[in-house]
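Some notes on the structure that comes next.
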Amino acid sequence: MNFEYSEKSLKLQKKLQEFIAEHIQPIEEEVNAFHANPENSWKRWPGTEDLKHKARAEGLWNLFLPKSYKEFSPGLSNLEYAPLAEQMGRILWSSEVFNCSAPDTGNMEVLAKYGTPEQQEEWLRPLLDGKIRSAFLMTEPEVASSDATNIETSIMADGDEYVINGRKWWSSGAMDPNCKLTIVMGKTDFDAPRHQQQGMILVPIDTPGLEVLRPLPVFGYNDSPEGHADIQMTNVRVPKGNLLLGEGRGFEIAQGRLGPGRIHHCMRLIGMAQRSLEIMAQRTIDRKPFGRTLDTFSSVRQDIAKSACEIEQTRLLVLSAADKMDRVGNKEAKDLIAMIKIVAPNMALAIIDRAIQILGGKGVCNDTPLAHFYAAARMLRLADGPDEVHMSQLGKSIIKKYTQSL
Ligand SMILES: Cc1cc2nc3c(=O)[nH]c(=O)nc-3n(C[C@H](O)[C@H](O)[C@H](O)COP(=O)(O)OP(=O)(O)OC[C@H]3O[C@@H](n4cnc5c(N)ncnc54)[C@H](O)[C@@H]3O)c2cc1C
């Protein structure tokens with residue numbers, strides 16, 4: 001394993017750092033304040049498109065897209081992309097500036113990997129151009145969706161069309177006024193074997209019968225403009241050509257989609273944790289309880305030392321997963337992907353929590369990014385599969401490994 005970054009990655013890291021320092025950091029508070037204002041809910045900050053144009057002109061665009069889709073992006077491996085995603089994770093809304101934000105990244109990979117030329121022309125092209133955004137609709141309020149075989153939305157053939165009925169929630173991105181496409185997972189055959197009942201279908205968000213019922217806040221944050229939507233679909237009709245890959249292939253697509261998405265979240269979590277560490281370290285020299293500055297207290301130094309160790313451990317674990325994905329593919333790297341999905345959100349939460357404690361009251365209001373980081377890291381113990389599901393799969397795989405020769 002060689003964790004030396006390539007020349008290409010190092011150049012992009014420098015460029016990205018400079019871009020963030022020049023164009024994003026100076027307006028971070030202004031953009032946060034815009035989105036925190038209830039009058040601006042589900043409106044896009046007016047400077048977003050201009051920033052996106054600048055980033056694209058610098059070649060900082062679609063950095064997440066792996067080597068095989070070279071024509072659209074610099075063609076980075078996961079290992080090359082990891083430090084770039086970490087940089088973006090330091091500011092929650094910054095990924096979109098580089099067209100690297102979830103759930104669009106996962107949806108673009110699905111379209112690039114499984115879409116027909118027609119589907120790619122209609123949807124992948126505008127997504128790669130950053131002209132539209134998208135949502136991924138799998139989770140349902142009525143069933144335990146951590147087991148995706150439970151989902152009940154139906155996708156039934158009727159003449160030249162499919163008819164879709166069901167309720168979805170936690171559809172991230174669906175509140176954005178630029179969201180034009182949803183990828184819906186449902187069942188095409190309720191009687192087929194358990195993992196062949198599902199299909200995935202492209203549903204434009206303005207299709208009659210698709211109704212956004214309400215936005216769902218995360219600990220009070222509405223995450224505008226993307227948001228997380230509760231959606232009802234009643235007799236939604238789309239052409240048959242909108243089905244991805246084929247009836248019964250939905251599970252296969254879901255598995256392919258979640259590997260890269262998970263590692264991207266973990267990379268960003270490292271950025272959040274690293275910035276939290278920096279914020280807490282900087283605070284220690286300013287505050288003086290009981291006659292001496294915080295940096296001289298042993299417990300504070302221990303919190304900072306533990307945090308630095310945990311970030312570096314997780315960073316190396318994520319790089320190891322990225323390296324394995326690059327060398328032998330996502331399927332072979334599944335145990336390492338499960339490990340990072342368990343470790344990274346919990347690591348980030350512990351560090352953000354320590355930072356909040358060291359900052360005192362300042363840590364829980366919105367004068368620093370810590371409170372929003374906490375909400376974002378906490379939800380990532382659930383989104384893309386709860387901890388327990390990854391632990392169950394990882395445990396099973398490890399037991400198999402050490403018992404198959406017995
Ligand atoms: C902010 C946010 C954004 C999201 N974005 C999206 C999105 O864009 N698209 C989408 O489709 N979904 C999205 N989700 C949904 C997310 O993926 C689900 O919430 C998650 O998969 C869990 O499903 P569930 O909520 O139905 O929980 P359930 O399936 O009801 O599970 C509840 C709990 O049961 C426990 N549990 C489950 N399995 C096991 C097990 N094997 N062993 C022990 N305990 C277990 C876990 O503690 C789990 O948290 C998002 C969620 C959040 C909070």
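Just to be sure I understand the filter: pairs with C-beta atoms under 6 Å, separated by 6 or more residues or on different chains, first member in the stretch 157-174 and part of a loop (DSSP other than H, G, I, E, B), second member more than 8 Å from the ligand (Cβ to nearest atom). Which pairs pass?
Asp160/Lys240; Gly173/Arg133; Gly173/Cys179; Gly173/Glu226; Ala174/Ala229
Suppose we filter the stretch 82-102 for residues that are closer than 20 Å to Ser134 by Cα and outside any helix (DSSP H, G or I); how many remain?
Result for the stretch 82-102: 6.
What residue, of Arg275, Arg283, Arg301, is in contact with a Lys or Arg (Cβ under 6 Å, 6 or more places away or on another chain) and within 19 Å of Leu349 (Cα to Cα)? Even if it seems obvious, please write down each step before you answer.
Numbers: Arg283 fails: in contact with a Lys or Arg (Cβ under 6 Å, 6 or more places away or on another chain); Arg301 fails: in contact with a Lys or Arg (Cβ under 6 Å, 6 or more places away or on another chain).
Just a single option satisfies the conditions, and that option is Arg275.
State all residues of the stretch 282-332 that are assigned to a helix (DSSP H, G or I), over 17 Å from Ile342 (Cβ atoms) and of a type in the set (A, V, I, L, M, F, W, C); if no residue qualifies, say none.
Selection gives Phe290, Leu294, Val300, Ile304, Ala305, Ala308, Cys309, Val328.
Could you list all residues from the stretch 168-191 that are farther than 19 Å from Arg125 by Cβ and more than 9 Å from the ligand (Cβ to nearest atom)?
Hits for the stretch 168-191 are Met175, Pro177, Val184, Gly186, Lys187, Thr188, Asp189, Phe190, Asp191.
For the stretch 136-155, which residues satisfy the criterion of being more than 7 Å from the ligand (Cβ to nearest atom), polar (S, T, N, Q) and in a loop (DSSP other than H, G, I, E, B)?
The one that is more than 7 Å from the ligand (Cβ to nearest atom), polar (S, T, N, Q) and in a loop (DSSP other than H, G, I, E, B): Thr153.
Could you count how many residues in the stretch 366-406 are under 15 Å from the mean Cα position of the chain (by Cα), in a helix (DSSP H, G or I), near the ligand (Cβ under 9 Å from one of its atoms) and among the hydrophobic types (A, V, I, L, M, F, W, C)?
Qualifying residue count, the stretch 366-406: 3.
Yes/no matrix, rows are residues, columns are (1) within 24 Å of Val364 (Cα to Cα); (2) within 19 Å of the chain's Cα centre (by Cα):
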position: Gly227; (1), (2): yes, yes
position: Leu269; (1), (2): yes, yes
position: Ile279; (1), (2): yes, no
position: Asp286; (1), (2): yes, no
position: Gly291; (1), (2): no, no
position: Asp303; (1), (2): yes, no
position: Ala308; (1), (2): yes, no
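Say we look at the stretch 133-147 and pick out the residues that are hydrophobic (A, V, I, L, M, F, W, C) and either in the same structural domain as Ala383 (by TED's automatic domain parsing) or closer than 28 Å to Asn99 by Cα (or both); which of these is surrounded by the fewest Cβ atoms within 10 Å (Cβ to Cβ)?
By that ranking, first place goes to Met138.
Kindly provide the set of residues from the stretch 125-135 that are out of contact with any helix residue (DSSP H, G or I) (no Cβ under 6 Å at 6 or more places or on another chain) and within 15 Å of the ligand (Cβ to nearest atom), ordered by number.
The one that is out of contact with any helix residue (DSSP H, G or I) (no Cβ under 6 Å at 6 or more places or on another chain) and within 15 Å of the ligand (Cβ to nearest atom): Ala135.
Check the stretch 223-245 and report whether any residue there is farther than 18 Å from Gly106 by Cβ, within 16 Å of the ligand (Cβ to nearest atom) and without any contact (Cβ under 8 Å) to a residue 12 or more places away in the chain.
There is no residue in the stretch 223-245 that is farther than 18 Å from Gly106 by Cβ, within 16 Å of the ligand (Cβ to nearest atom) and without any contact (Cβ under 8 Å) to a residue 12 or more places away in the chain.
Let me confirm something: among Ala273, Ala321, Ala254, which residue is within 30 Å of Asn40 (Cβ to Cβ), small (Gly, Ala, Ser) and under 20 Å from the mean Cα position of the chain (by Cα)?
None of the other options fit; the residue is Ala273.
Please state which one of Ile279, Ile253 is at negative phi, out of contact with any Cys (no Cβ under 8 Å at 6 or more places or on another chain), away from the ligand (no atom under 16 Å from the Cβ) and of a type in the set (A, V, I, L, M, F, W, C).
Answer to the check: Ile279.
Residues Arg378, Arg354: which one is within 22 Å of Glu140 (Cα to Cα) and at pLDDT 95 or above?
None of the other options fit; the residue is Arg378.
Consider the stretch 41-76. How many of its residues are touching a residue at least 12 places away in the same chain (Cβ under 8 Å), within 18 Å of Ser95 (Cβ to Cβ) and of a type outside the set (Ser, Thr, Tyr)?
20
The values are calculated or read from the model by the stated rules, or taken from the named source; none is laboratory data. These numbers come from a predicted model, not from an experiment. Backbone-built Cβ (ideal geometry, glycine too); neighbour counts: all protein chains shown.
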